[in-house]
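The values are calculated or read from the model by the stated rules, or taken from the named source; none is laboratory data. It should be emphasised that the depicted structure is a prediction, and the values quoted were computed from it without experimental measurement. Because the Cβ atoms are built from the backbone with ideal geometry, glycine has one as well, and the counts that use them run over all protein chains shown. The accessibility values were calculated without ligands, DNA or RNA, using every heavy atom of the protein model including side chains. Shrake-Rupley method; radii C 1.70, N 1.55, O 1.52, S 1.80 Å.
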Amino acid sequence: KDGSLLPAPIAGLPEMKEKGQGGLMGIALHPGFAQNRWLYLAYAAGSWGSYSTEVLRGRFDGSQLNEVQTIFKAIPKTRGGRHFGSRLVFGRDQTLYISLGDRGARDAAQDVSDHRGTLIRVHADGSVPSDNPFAGHAKARPEIYTYGNRNMQGMTIHPISGVIWTHEHGPQGGDEVNIMRAGVNYGWPVITYGVNYGLSTQIGEGTHKEGMAQPIHKWVPSIAPSGTTFYTGEVFPNWKGNLFVGSLKFGLLVRLEVEGEQVVSEERMLDGRYGRIRDVVQGPDGYLYLLTDDRDGQLLRLTPAS
């Protein structure tokens, strides 16, 4: 509030589960937040050893959430603690995109009858847009926008085209940046640039297959990407239009120079100086803010060198 952190946590949240990689995972404000005060959260939920991602919205009054509603529940709920995904982004048409991981069940990402390994698109109240690619298909979940995704932990909107961009964790190698198109299959686990952990053996059928999309950028070895944003501010004029990605594995901030839908160069910054970078966002003041992932985590502001 007024440029300072609130001293107390926000009240009014439902029970959330800390399960492996799951917990409180994604946050977004409705495009009309200044008027309607809707705040959206993605989190792990469940009981009796069965969990999945759920999304709620509530009206934020400055200290707590009111009128809390669950607008989406990923199915099925499963026992594992891996690959929840769970980033939230509003598109220009005010539909809400929800990234979901495969929950450690690889083949599920190719099955559009459940939500694992997909990108979800719903209206702000959780209802299904009639132009979703699987709306009206009897054997598919109508909320699904893309599939064949492993574990998308970064999602943002292109400042010019308005198209959704994501990145996702590969296994051992094969982290990807993808441009999300309605109904497209992104290949996991049939194609990947990664290999099996420890064994380094091939996964699936190789790196290419007809009808499955190629990433526009990849990292081999993996950097464990987490958090991403396009820079549009004036504080760093030479970086305008660049895509920034945090790295958990190496504690990096990665700057990707983008021309159209191609990545033309990559710069790696910070080099482990502050530890694991969990998220990166552009503030309304034009600075870049970084969130670190540690017991003593920090919120950092990146400023131009003097």
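Extension gain for Arg82 to Thr207 (0.36 nm times residue separation, less C-alpha to C-alpha distance): 42.7 nm. Working from label points 7 Å from Cα in the Cα-to-Cβ sense, the Ser113 to Arg301 distance is 5.3 nm. A crude spin-label estimate for the pair Ser127 and Asn196, with each label 7 Å from Cα along the Cβ direction, gives 4.8 nm.
In a Gaussian network model over the chain where Cα atoms closer than 10 Å are linked, find which of Val195, Val280, Val112 has the largest mean-square fluctuation. The residue with the greatest mean-square fluctuation here is Val195. Across the chain, the relative contact order, built from alpha-carbon pairs under 8 Å that are at least six residues apart, equals 9 percent. Each Cα pair of region 1-119 feeds into the Kirkwood radius, which the Stokes-Einstein equation turns, at 25 °C and 0.890 mPa s, into a diffusion coefficient of 163 µm²/s.
Which shape class, rounded, prolate or oblate, goes with region 212-306 when its Cα gyration tensor gives a ≥ b ≥ c as root eigenvalues, a/c under 1.5 marks rounded, and past that a/b bigger than b/c marks prolate? Note, shape of region 212-306 comes out oblate. Net length available on complete extension from Gln262 to Arg181 is 27.6 nm, with 0.36 nm assigned per residue and the Cα-Cα distance removed.
Within the straight-line cut-off of under 19 Å between alpha carbons, the lysines reachable from Lys77 are Lys17, Lys19, Lys139, sequence neighbours fewer than 8 places apart in one chain being disregarded. Taking Cβ atoms as reference points and 12 Å as the exclusive limit, the residues near Gly20 contribute a net charge of +4, counting Lys and Arg as +1 and Asp and Glu as -1. In the chain, excluding the sites themselves, the longest stretch lacking any of the chymotrypsin sites (Phe, Trp or Tyr not before Pro) that are in a DSSP loop with at most 12 other Cβ atoms within 10 Å is 49-196. The heavy atoms of Glu234 offer some 130 square angstrom of accessible surface to a 1.4 angstrom probe.
With all pairs of different C-alpha atoms in the average, the Kirkwood value for the hydrodynamic radius of the chain is 19.8 Å. What distance in nm separates the two pseudo spin-label positions at Asp93 and Ala34, each 7 Å out from Cα along the beta-carbon direction? So the label points at Asp93 and Ala34 sit 2.5 nm apart.
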